[in-house]
Amino acid sequence: MVSLSEQHLTETLIDPENLDNPDGEWTKGTKQEAKCRDAWAAILFYAQFIAIAVVAGVLGVPALQKATDSYQDPSTNNIDYDGLIYASLIAGGFSILFSAISLFVMSMCPKVLIQISLLASLVFSAPIVVSSFLYGNIVGGIFGLLFFALSVCYACMVWRRIPFAAANLNTGLTAVKRNAGVVVVAYSIVILSFCYAMLWMTALVGVYDKEGLCDTTSDTTTTETGSTTDTTTDTTTTCSGDLAWGYFFLLLLSLFWTQQVFQNTIHVIIAGVVSTWWFSPEDAGSCCSVAIKDSFVRATTTSFGSICFGSLLVAIIQTLRAMVESVRNNGDNGGGAAFLLCIVDCLLRCLEDALEYFNKYAYIYVGMYGYSYLEAGKNVITLFKEKGWTIIISDNLISNVLSLFCLIIGGLTGCVGLVMNEINPSWFEGYEGAAMGVAFGFSFLIGMVISAITLSVVDSSVNTVLVSFAEAPLEFEENHPELSSAMRDAWRQVYPAECGF
């Protein structure tokens, strides 16, 4: 049983030394009125989306048609595209199967898996150090040895955090498995993202063609066979040159913004589903639960403006970074200019990481309560500041496990590709001697992408668990007593002062 004093601390979850904190700025989040927030950002997003669609339709489609007409006779191409499609479907099916199995494996032994992922960096770096010295690469060996030493120090420092990370991972996995339909929603949004990428590429080709950067050339070949003369004309379309900076900026901004919106929409949906499971488990206990539908509707309507707002900030930084890198890659910069560009790139990268870090937790509040973007960010930062949990957020042990499983699933799917190459060699015969490499690499990539989508759902779920446990541990104890007990024990063991009980 929990004592009265401990129960009081559990309800507040603040540092016992700051239990009486009348000046604290944080107040528990509350469900917001259902209305559109940050609507201007949503309107601007739809406007740019429509603009890209119009450019793709008016300029891109004719440009692609012109390029298609220039292709040589498909009969001279030995690549079996139907075979690649079949291989993609089979590899995708196996990667989904492997991803589903990984969720159960992680829930069975999360602590052991975190330990393995932590030691994996040591296991992988040791052979690199040895091989560098054996082949006479002294500088590489020294840097490898330094990295190995830092990895050992890091493992020693965070080893005590493993019970905490395991408890969080287990709770996040439980929420996902109880609402497995959210993974299907994530896959659907990623497919939509891929379709947009194709639309954007069409618009890009159209802009290149309109600016006169694409050139069509014809090559006529005459062959005489006896009394017969055959004339063959090959038309080739090539695009080269630099696009105007204004077009370049707008096109990149549209691409990065849209991809960020799709990614953050998935995050907000998961946050809404997990928070519903936390507070009202009866509404979030099946594959197609009410929580999934309601969270999807909120994320794509009333909270969509907030998603677009934060995504725009990150997209602007990403666009600026891409333009700086483009200038750096031109190779026409002197020593001083190159150094300055390197500094600017580094600053933009740091700013991008900071914004993405901010968004990760701000969007949890958007999904949980329906706050606007700035209100959500302010609330979540104040929450961790007031409760002294800033150091806890930096824990990346769970990310290590998810990354390791992405590699494992990618490798397994690649092996499926090798089996397909043995069973149906005609699917990859167009690549001559590289058929095995193409079969493995192609399937490996599919496995990595699909597993990354699945495991990103787990990552978002774990982050939501972290915020929810800070917000409402008492509700968690009432609705999920077994999981709550495991998390309490782990948090008390690892963070006796910060956890507040």
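A short reminder: the numbers here are calculations on the coordinates, not readings from a lab. For clarity, every value in this text was computed on a predicted model and none was experimentally measured. Neighbour counts are summed over all protein chains in view; Cβ atoms, including those assigned to glycine, are modelled from backbone coordinates with ideal geometry.
At a glance:
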item: For the range 82-133 and the range 145-213, distance of Cα centres in Å; result: 14
item: Charge tally in the Cβ shell below 12 Å around G370, where Lys, Arg are +1 and Asp, Glu are -1, G370 excluded; result: 0
item: Efficiency of FRET between V105 and K210 - r from beta-carbon atoms, R0 35 angstrom, step 0.05; result: 0.10
item: The range 432-498-the range 292-359 distance, computed between alpha-carbon centres (Å); result: 25
item: Projected area, mean over directions - the range 81-192, Cα convex hull, nm²; result: 11.0
item: Packing rank of 456-462, 368-374, where each peptide gets the mean count of other beta carbons within 10 Å, highest leading; result: 456-462, 368-374
item: Within the range 121-199, chymotrypsin sites (Phe, Trp or Tyr not before Pro) in DSSP loop having at most 10 other beta-carbon neighbours inside 10 Å; result: Y135
item: Spin-label model distance (nm) - I85 vs I343, 7 Å beyond Cα toward Cβ; result: 5.5
item: 15 Å beta-carbon shell around A39, net charge (K/R +1, D/E -1); result: 0
item: Cα-projected label distance for D294 with A120, points at 7 Å along beta-carbon direction, nm; result: 3.7
item: Net charge contributed by nearby residues that have their C-beta within less than 14 Å of D294 (K/R +1, D/E -1); result: +1
item: Simple spin-label estimate for C36 and K385 in nanometres, 7 Å along Cα-Cβ; result: 3.2
item: Nearby lysines by direct alpha-carbon distance to K35 (threshold 25 angstrom, same-chain neighbours under 8 apart not counted); result: K293, K360, K378
item: Set of lysines near K66 by C-alpha distance (under 21 Å), chain-local residues within fewer than 8 positions excluded; result: K210
item: Efficiency of FRET between C153 and K66 - r from beta-carbon atoms, R0 45 angstrom, step 0.05; result: 0.15
